[in-house]
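The values are calculated or read from the model by the stated rules, or taken from the named source; none is laboratory data. Everything quoted here is computed from the prediction, not taken from an experiment. Please note: Cβ atoms are built from the backbone with ideal geometry, for glycine as well, and neighbour counts cover all protein chains shown. Each accessible area value is taken on the protein alone, full model and side chains, heavy atoms only, with ligands, DNA and RNA left out. Shrake-Rupley method; radii C 1.70, N 1.55, O 1.52, S 1.80 Å.
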Amino acid sequence: MKRKDTVKLISAEEMEFIIDKDAAMVSQTIGGFAEMELGEVTFPEISAVILEKICQYFYWALQYSRGKETEFHIEPELTLELMMAPNYLHT
């Protein structure tokens, strides 16, 4: 996969997640960040644990939009933080 086909998402702890650009575009907000031109976006208010789960969700949502219906498991201890992140990311 070429670098231009991926996006680096960086958490509050500076943990990096490299995902397909198509998956990242599940979020209406990420595509609007000027940093997308550089291929990376930093989220200083989202923890690594939550950003990892968000990345998993992006891939799940992409597969779901293509007709693959599976469950998306969310650990109960992450529920509150995960409910807040989509408000920021508009997913």
Problem - Pairs where the first residue, in the stretch 9-31, is closer than 17 Å to residue 63 by Cα and part of a loop (DSSP other than H, G, I, E, B) and the second is of a type in the set (S, T, N, Q) and at pLDDT below 95, C-beta under 7 Å, 6+ apart - result: 26/91; 27/91
Completion exercise
Restricting the stretch 32-76 to residues that are in a loop (DSSP other than H, G, I, E, B) and among the acidic types (Asp, Glu), the one surrounded by the most Cβ atoms within 10 Å (Cβ to Cβ) turns out to be 45
Exercise for the section: Could you please find all residues in the stretch 30-64 being over 17 Å from residue 11 (Cα atoms) and at pLDDT 90 or above? Expected result: 59, 60, 61, 62, 63, 64
Fill in the blank from the handout: Within the stretch 1-29, restricting to residues that are farther than 19 Å from residue 66 by Cβ and modelled with pLDDT under 85, the one that is most open to solvent (accessible area, probe 1.4 Å) is 3
